[in-house]
Structures are given as C-alpha cells and as structure tokens.
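The values are calculated or read from the model by the stated rules, or taken from the named source; none is laboratory data. In this text the structure is predicted, and so the values were computed from the model without any measurement. Neighbour counts run over all protein chains shown; Cβ positions are idealised from the backbone, glycine included. For the accessible areas, the whole protein counts, side chains as well, though only heavy atoms, and no ligand, DNA or RNA atoms are used. Shrake-Rupley method; radii C 1.70, N 1.55, O 1.52, S 1.80 Å.
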Amino acid sequence: MRPRKRYVIATGVILAAIIGVGAIVSTAGAPPHRTTNPPVVRVKRIARPRALDIGHRINDERRARGLKPMRWDPRLAAYARRWASVMAHQHRMFHSDIGRLLGPYNYVGENVAYGSPGVSVSTLHVAWMKSDEHRANDLAPGFQNVGVGIGCASDGTMYASANFARAASAGPPPAAPSSTPKLPIVRTDPNNLGCH
C-alpha cells in the first residue's frame with residue numbers, strides 16, 4: 001500500500017488603512033465598520049494548543065530577525081478560531097471579511113491554510129514561511145497583535161486562520177520592507193499536533 005500524500009494549501013491577505021500586500025481597505029472617510037463575527041461552530045478542544053504553537057512559532061521567527069514579537073490577542077484568536085471552524089465545517093478554504101476587524105484596529109491581515117489529514121501545525125508553519133505573502137504577514141513590523149485559530153474537519157483535514165492587527169490607537173504602521181528574508185526558517189522542528 002502506497003503512503004498517502006499530505007498537502008498544505010495556504011493564502012494570505014492584508015487589509016489596511018495604508019497600502020499593503022493583497023486587498024486594501026481605507027478607513028479614511030468611510031462610515032464606521034460594524035463588527036460582526038462569523039457564525040459559531042463547535043471547535044474541538046485539541047485546537048487551542050495547536051493555535052498557540054503556531055503563535056509561538058511566528059514570534060520565534062520575528063525574534064530571529066530582530067522584530068518585536070506580537071502579543072496574543074484573545075479577540076483576534078476568537079475571530080480566527082470561529083473562521084477556521086467555518087472553513088472546516090464547509091470543507092473549503094477562503095478568506096473571511098477581515099475588514100470587519102477595522103475600527104479597534106487600523107491595519108489587519110489574515111493567513112489561511114488547510115492541510116490534509118495527518119499534516120501537523122509545524123508543517124503548516126513552514127509552508128507559510130516559504131510563501132512570500134504569508135511570510136510578509138508573519139514578519140510585518142506594523143503588526144502588534146496576533147490570534148490563531150484551528151478548525152478540524154470531520155475527515156481530519158486541518159484548517160487554520162492567523163489574524164494580525166495593529167491597534168488604531170498606535171497610529172499608522174511603519175512602512176513594510178520590500179521583501180522579508182525567507183531563510184533561515186528557525187522553527188522547522190516537527191511536532192505531531194494535527195487533527196487526529
């Protein structure tokens with residue numbers, strides 16, 4: 001019997017009051033954005049340690065490059081957790097309307113991914129770091145806060161959402177570098193934290 005191939009698919013976007021990678025939302029002159037949350041879907045208890053592991057890995061990558069680590073933000077984590085659960089429930093990966101987060105934050109970004117049954121969060125992290133767009137979100141100096149959510153589909157497929165933000169009270173973010181160093185990826189250590 002041939003072993004099953006495992007895969008990770010990921011995509012990222014930034015919405016900001018300034019120009020960023022991906023889609024752009026300006027808060028200047030716009031009516032206040034009403035925050036509504038994605039629908040509530042039950043989340044397996046195993047998801048929290050996996051989300052925290054990704055958060056730690058992202059901050060270790062930032063420290064290794066001389067960047068300040070981001071603070072774990074319970075509001076972003078709850079939003080990311082709900083969104084990952086929505087993706088797992090629908091068995092498809094797609095971005096949330098992160099513009100809903102603007103208001104308390106003036107600069108927000110999102111990475112989403114899914115991995116086949118058996119894929120670990122360490123594999124997902126390495127895939128995000130090898131992608132220019134995801135790495136840019138992970139290492140953007142303007143982001144101060146992070147929240148990660150994991151959703152496990154009934155077939156064991158893992159869906160992840162990482163949400164990044166800068167508090168509106170912190171003012172505009174500094175200019176992002178034109179590129180972020182891909183290597184070395186400092187957190188390649190494997191783990192068995194998946195949806196099993």
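List of remarks:
- The conditions of being open to solvent by less than 40 Å² (accessible area, probe 1.4 Å) and in a loop (DSSP other than H, G, I, E, B) are not met by Gly99.
- The residue that is nearest to Asp53 (Cα to Cα), among those in segment 179-196 that are surrounded by 15 or more Cβ atoms within 10 Å (Cβ to Cβ) and of a type in the set (Val, Ile, Thr), is Ile185.
- Apart from one condition, Val112 fits all of (1) closer than 22 Å to Lys68 by Cα; (2) touching a strand residue (DSSP E or B) at 6+ places or on another chain (Cβ under 6 Å); the exception is (1).
- Checked against (1) open to solvent by less than 40 Å² (accessible area, probe 1.4 Å); (2) without any contact (Cβ under 8 Å) to a residue 60 or more places away in the chain, Ser169 meets all criteria but (1).
- Contacts under 6 angstrom Cβ, first residue in segment 112-127 being under 18 Å from Asn163 (Cα atoms), partner at pLDDT 90 or above and of a type in the set (Asp, Glu), 6 or more apart: Val121/Asp53
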